């Protein structure tokens, strides 16, 4: 706008000026950065320490060594689960190493004045009653409070409170995530048809008597009839069966993004169906589709695992950078990035519960190739947003899980949802965005390059679709960039040979546990991977 | 006729038409301000016949003063007229927003109202006579009078039609008044730049115009906020106190007969009949545990239930848990409210805890003889959690074996399923229940549920003196439910289904305005 003022405004100019005053006021407001009042920054994401490994930086060799019975590297869910299991089996010399400052892996969490909140994984579906290991852990953690008629009774503080989910579609918040508001009849029929299809698949069993789809997935039927589905994409599978509804495909794409960090075009059909057909959870006081959640997300479960690790020693801020297998021991080189000091460990047995892309750099030669394979990872961006109030649109009130139709993001969860205290103004929502563009390395570099300001803009624009002027109510946004957010079950990954090869121990001294080795990044898989590897380590498998 | 005088005549005609158009605009504006003031007075003070009548009278009288004053005006008439236009625009235009903002903060609103009416009236009264004097040059008087008044009355007709049909429904009171203020200022600008006579002071007047329009435009942009700041329209009676706490909006209103408390716009009690509600809440339960020494109250920060409890001499201690310290402080400090709760919160026996009830019952380990649960209705999911089986399980731990708990349970007539859902949820935890209801005029038919650990309800104590509603007979009849409130099957309210909030929403929806 021209700010030079003429000596004397003509009549016409005066009129224009008068008419323009409201416009000028609006322009003045909008030219200013509307987000300048928002505080925050990029949190976590210690990828620089991690990249020391990748870049093979010259780290001095250790001159001091300690001797340990069992060393577990990586205190995510699989590592904690392994430590817990080994401790319970009476192993009393366990050292658990973690590169980050905190344990929990993808289940790490944070806290501010308004709430505790997750930085990653944030819920557990009511598990299958047949999963005794998981049930035992949950009972010890107070999540299962007892049994009634043979069914677990879940702690009602931990079951997701009502209302659980809503979807913003056609300018309206509808209840539930399956699109129905303003959805034409034929689309609804296809959606109902698909849900029936997967409900039937849930009960299907193969010639080996096992369920077609199960958790942990290695207990699924080996019947070729289903395993062959791992050779095609989910999109192909849906097309072949005549599922064409844009609303249904959006929903399935959303589900795959949510659990696998990629859409149906890239996800294996077996994995896509597993999402819907593997859960046969039952409870005395909840229905089969119920979920368990906490303000801090799965941080609650990770902390509970840690609390059940007994005498196992846990060291954080330690980067394991080399693993050298010897005939009767394993040599480990570790670095403490904070002090720059390194030390060595001679361990009888080692359990690597680190992801495959990390393991690649720890070991050398053929072993490195065998254990790393072709794993690809989805980068994720997670933001915790503290607000003073959340302007709502029409329809269902704020839920635990809130999704906006047709967006790249998979929506947000409301951290205060499980709180028993009436909300006192402030609250926190956790917003999730899987990065899908390009090859995963490019995508990762793109993600790392973007500034906090860029993310604030992306996040605010995404949320303002459903929450008008939300930025005015936002106080703080912390962003966490997960370069390797989760393993991607592309076709061939789950039932290809590489995955089983990567699980095989080295010299009966080095063992592997991580949800990467399942190909699906969920709590149950990580929990069972930890137990499987721990059993192998103690010779009980 | 030569060409020069012809063009002069033309320009005279043109300026004449221009001025007549101004008459039309200012006449419309003038009547709009009058209507705005009348409407405002009947909104805020009630009794619309009186308000309209006195506002119109005062306005016309002020116009008379204005007309009389116009006789004293001398000198540059254009200058006077432009100045008056700007003033009318600003004063008349700002009348509605300023009155809204001041209403809650001045002791006598009528002074403000009539000051605005008088000032606007005087300025409007000045307009037409001065304009007529400007137009007088070159026009025969009888034509002048005829034309000016024609346009004056047409403007008035237009205003009286568009005000109720278009302006109030689409713009609202505040924006209407501001828009017409801008029209007045517009007339000033029009005259200022259409007549050569104004050249000398154009620049100075232009500054005034800019200032005035800026104020009006700003008011227009922020009209929504002005409206939400002033909540007076939401209440029937005069707001005597209002405060926003982190938890809720507290509003007290008063009229000749009663004092009312609103939380987030929902009526909590009226001083005229709250005794019915609170006697029915407290005494049936206390009658069944006559020796009750320790009582817990959840909610009820107004101290009115405590007032009823303190009638029992055997009572040793009352723990009152209310989330909002502002509530309990208000009912411990204000002399007017202390009269209502008989200084109950100041009693030595009363221990006030400002925390949220769910966490309190989860962490408390005391045992109580009577527990009184007096939460707001389950109108949202966060309050709904305080009516779940999980909550009742936690409270159950705090209740003596022979103790009794009573829960305010919304209206069994309006929200029949909600009421019985609360009873059934208590039964699901293992309580035996005694549902009952009373009539509270400002609420309607109201329900409560008593809950006991297996024993029966025997109201055998001695009723304290001075009760105005509860007696033996009332206690006998209140447990009987006529068919339109009789028990209906419902689900159990749990944290993970919150059926009660859904019932409540459905059942109260037809009563929302």
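What follows draws every value from the coordinates through simple rules; no lab data is involved. These numbers come from a predicted model, not from an experiment. So basically every Cβ, Gly included, is an ideal-geometry build from the backbone, and we count neighbours across all protein chains shown.
Annotations for the structure displayed:
- Rounded to 5, the percent of DSSP beta bridges in segment B:282-511 classed as antiparallel: 40 percent
- Separation between Cα centres of segment A:75-139 and segment A:347-417, rounded to whole Å: 15 Å
- Using only the C-alpha atoms, the convex hull of chain A corresponds to 189 Å³ per residue.
- Taking other C-beta atoms within 10 Å as the exposure proxy, B:86, B:154, A:291 rank B:154, A:291, B:86 from fewest upward.
- Here the extension length gained between residue A:43 and residue A:236 equals 65.6 nm, from 0.36 nm per residue of separation less the Cα-Cα distance.
- This ranking places A:165, B:393 by how few other beta-carbon atoms lie within 10 Å of each, fewest first, which gives B:393, A:165.
- Cα Rg over Rh - chain B, Kirkwood: 1.20
- Label-reachable residues, segment B:403-446, where backbone N falls under 15 Å from a point 7 Å from residue B:488's Cα toward its Cβ: B:410-424
- Between segment A:210-273 and segment B:438-469, the alpha-carbon center distance in angstrom: 60 Å
- When only Cα pairs below 8 angstrom with a gap of at least 6 residues are kept, segment B:282-511 shows a relative contact order of 22 percent.
- Relative contact order (%) - criterion: Cα under 8 Å, at least six apart; region: chain A: 24 percent
- DSSP-defined beta bridges in chain B - what % are antiparallel, rounded to 5: 60 percent
- The value of relative contact order for chain B, using C-alpha pairs under 8 Å at least six residues apart, is 12 percent.
- Degrees separating the helix B:202-221 axis from the principal Cα axis of chain B, which is the longest one: 20 degrees
- Restricting the calculation to Cα atoms, the protein assembly as shown yields a radius of gyration followed by a Dmax of 37.5, 127 Å.
- Inter-chain Cβ neighbour count for A:156-166, averaged per residue, equals 5 (cutoff 10 Å, partner chain atoms only).
- Principal-axis tilt of helix A:246-260 within chain A, Cα atoms, nearest 10 degrees: 50 degrees
- In the protein assembly as shown, helices alone account for a calculated mean residue ellipticity at 222 nm of -13500 deg cm²/dmol, with every DSSP H run of four or more residues adding -39,500 (n - 2.57).
- By the count of neighbouring beta-carbon atoms within 10 Å, fewest first, A:451, A:464, A:354, A:245 end up ordered A:451, A:464, A:245, A:354.
- For segment B:282-511, diffusion coefficient by Stokes-Einstein and Kirkwood Rh (Cα), 37 °C, 0.692 mPa s, µm²/s: 184 µm²/s
- Of all DSSP beta bridges confined to the protein assembly as shown, the antiparallel ones make up roughly 65%.
- With Cα atoms, 0 to 90° folded angle of helix B:274-288 axis to chain B main axis: 10 degrees
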